[in-house]
Amino acid sequence: MEIRTNDFGSINGQKIYTYTLENNNGMRLTCTNLGCIVTEILAPDRNGMFENIVLGFNNVEDYIRNKTYFGALIGRVAGRIGQGKFELEGKVYQLPKNEGNNHLHGGYQGLHERVWDAEEIKTDSAVGIRFSYVSPDGEEGYPGNVRLQVTYLLNNDNQWIFTCKGYTDQKTLLNITNHSYFNLSGNAKKDILNHELTLKSHRFLELDKQFIPTGKISHVEGSVFDFRNSRKILDGKLSQNEQNILVGNGYDHPFLLDDHFNEEIILRDHETGRKLIVETNQPCVVVYTGNQIGGEYQTAEGVKAKKYLALCLETQGLPDAIHHSHFPPIIIGPEDYYEAKTIYTFTIDD
Ligand code: G6D
């Protein structure tokens, strides 16, 4: 088990580093103090070949230039907040509208663009990094001084354990996720349309034309949103369901999870044998199949950006929850203890 630290440039005079965690099986996870971004995860296929299974860049400028959120820690509030506005304790807050008429992923300079403090963690069974940051009252329009601690651990069970703890000195909103784009083919050599997803979820949220939840909770039965017995991502591309067409012929939807820490999310690539199990304490997972990926950039492996190059499994609170009283709340106060935890297990399908 080891941790290797390397220079990754600087931003506004602040030094940026990468931290490569390696376990006893040769699996590696690399992350950086810029936005707690996960830049690379090397995982074996059924023949023991290690390849990168997330989208990333190999320089800090690309992360700032390309608003893709590759691997990034997202907050203070993941997802969209309609009109970037909300009311809390009788006061109306206006957040920056960084996507049309709405607020997305914490704003123009959300947590993904902040430089975090980092310290190494070494235990008998894992190595990791503990990132910390204090988001001051009013940052990106949000109330409250919020102290955040994000931990990435890599253990010898080939698990990445992601934990975020949050503390506030006044009522505010908090809904954190990690925005890694997974592609189990390795080095993004193929798109993810033949990946198979299994979800323990019988409900998903309908979206409006601005990709904001309408508030309607739909049953998956009889639709391409039913992943309970596994389904190829390709079904979303080919679907004539108006919800799949709306988001660019794929998925970009929150699924309400029926179970927790019980293999509730499984992604498979049969060609390589790679299997990713995602387990979380969060109420939902946003399945985003990379429908908007494109543009003049390449990944760290030199692969040109294209639609469906990877998919995100963003475990989080429900998007726009502050405007839907029947959604689990994302309000926290000084007396609350916020902890989001997700375990990603990288294994081989038997
Ligand atoms: C698109 O709608 C999607 C979001 O869900 C995603 O997070 C973003 O691209 C990167 O806006």
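What follows draws every value from the coordinates through simple rules; no lab data is involved. This structure is a prediction, so every number in the text was calculated from the model and none was measured. Neighbour counts run over all protein chains shown; Cβ positions are idealised from the backbone, glycine included.
Starting from 0.36 nm per residue, how many nanometres of slack lie between Glu61 and Asp258 once their C-alpha separation is accounted for?
On the way: separation 197, 0.36 × 197 = 70.92 nm, distance 3.98 nm.
So the extension gain works out to 66.9 nm.
Suppose we flag GluC sites (Glu not before Pro) only when DSSP calls them loop and at most 15 other Cβ atoms lie within 10 Å. Which is the longest uninterrupted stretch of the chain?
Segment 90-220 is the longest.
Could you list the trypsin sites (Lys or Arg not before Pro) in segment 115-181 that lie in coil according to DSSP, counting only those with at most 16 other Cβ atoms within 10 Å of their Cβ?
Passing both the DSSP loop test and the Cβ count: Lys171.
Pull out a ≥ b ≥ c, the square roots of the eigenvalues of the alpha-carbon gyration tensor of segment 201-260, then state rounded if a/c is under 1.5, prolate if not and a/b is larger than b/c, and oblate in the remaining case. Spell out each step's value before the answer.
Values: a/c = 1.93, a/b = 1.09, b/c = 1.78.
Oblate shape, in that a/c is at least 1.5 and b/c is the bigger or equal ratio.
Hey, which of these cross-link pairs are over 18 Å Cα-Cα: Lys165/Lys341; Lys171/Lys341; Lys232/Lys307?
Exceeds cut-off: Lys171/Lys341.
What net charge do the residues around Asn145 carry, taking every other residue with its C-beta under 10 Å from that of Asn145, with Lys and Arg at +1 and Asp and Glu at -1?
-2
How high is the relative contact order of the chain, in percent, with contacts defined as C-alpha pairs under 8 Å that are six or more residues apart?
Normalised by residue count, the contact order of the chain is 17 percent.
Which one of Leu197, Asn178, Ser218 has its Cα pushed farthest toward the positive end of the charge dipole of segment 178-228, where Lys and Arg give +1 and Asp and Glu give -1 at the Cβ?
Asn178
Segment 203-251: which trypsin sites (Lys or Arg not before Pro) are DSSP loop and have at most 12 other beta-carbon atoms within 10 angstrom?
Of the trypsin sites (Lys or Arg not before Pro), the ones in loops of segment 203-251 whose Cβ has at most 12 other Cβ atoms within 10 Å are Lys209.
Need one word for segment 165-301: rounded, prolate or oblate. Basis is the Cα gyration tensor (sqrt eigenvalues a ≥ b ≥ c); a/c below 1.5 gives rounded, then a/b vs b/c decides.
rounded
What whole number of Å gives the distance from the Cα centroid of segment 62-80 to the Cα centroid of segment 121-153?
16
With Cβ to Cβ distances under 15 Å as the rule, what net charge do the other residues near Arg228 carry (K, R +1; D, E -1)?
Combined, the nearby Lys, Arg, Asp and Glu give -3.
As a check on your grasp of the helix formula, calculate [θ] at 222 nm for the chain: sum -39500 (n - 2.57) over DSSP H runs of n ≥ 4, divide by the residue count, round to the nearest 500.
Calculated at 222 nm, the ellipticity per residue is -1000 deg cm²/dmol.
PRE reach from Lys304 (point 7 Å along Cα→Cβ): which of segment 183-221 fall under 16 Å by backbone N?
189-191
Checking the cross-link filter: which aspartates and glutamates have an alpha carbon closer than 12 Å to that of Lys306, excluding same-chain neighbours under 8 positions apart?
Excluding near neighbours in sequence, the set is Asp191, Glu296.
Once you put a point 7 Å from the Cα of Val92 and another 7 Å from the Cα of Ile3, both along the Cβ direction, what distance in nm separates them?
Rounded to a tenth, the inter-label distance reads 4.6 nm.
Treating the beta-carbon of each Lys and Arg as +1 and of each Asp and Glu as -1, no other charges, what is the dipole magnitude of segment 164-279 about its Cα centre, to the nearest 20 debye?
Using only the charged Cβ atoms, the result is roughly 240 debye.
Can you list the HN-Hα couplings for segment 153-162, worked out from phi with the Karplus curve (6.51, -1.76, 1.60; θ = phi - 60°), rounded to whole Hz and with x for Gly and Pro?
These are the phi-based 3J(HN,Hα) values: 10, 10, 10, 7, 9, 6, 10, 9, 9, 10 Hz.
Which shape class applies to segment 55-133: rounded if a/c is under 1.5, otherwise prolate when a/b exceeds b/c and oblate if not, where a ≥ b ≥ c are the square roots of the Cα gyration tensor eigenvalues?
Details: a/c = 3.07, a/b = 1.63, b/c = 1.88.
Oblate, since a/c reaches 1.5 and b/c is not below a/b.
Relative contact order of segment 1-100, please, whole-number percent, based on alpha carbon pairs below 8 angstrom and at least 6 residues apart.
Relative contact order for segment 1-100 comes out at 16 percent.
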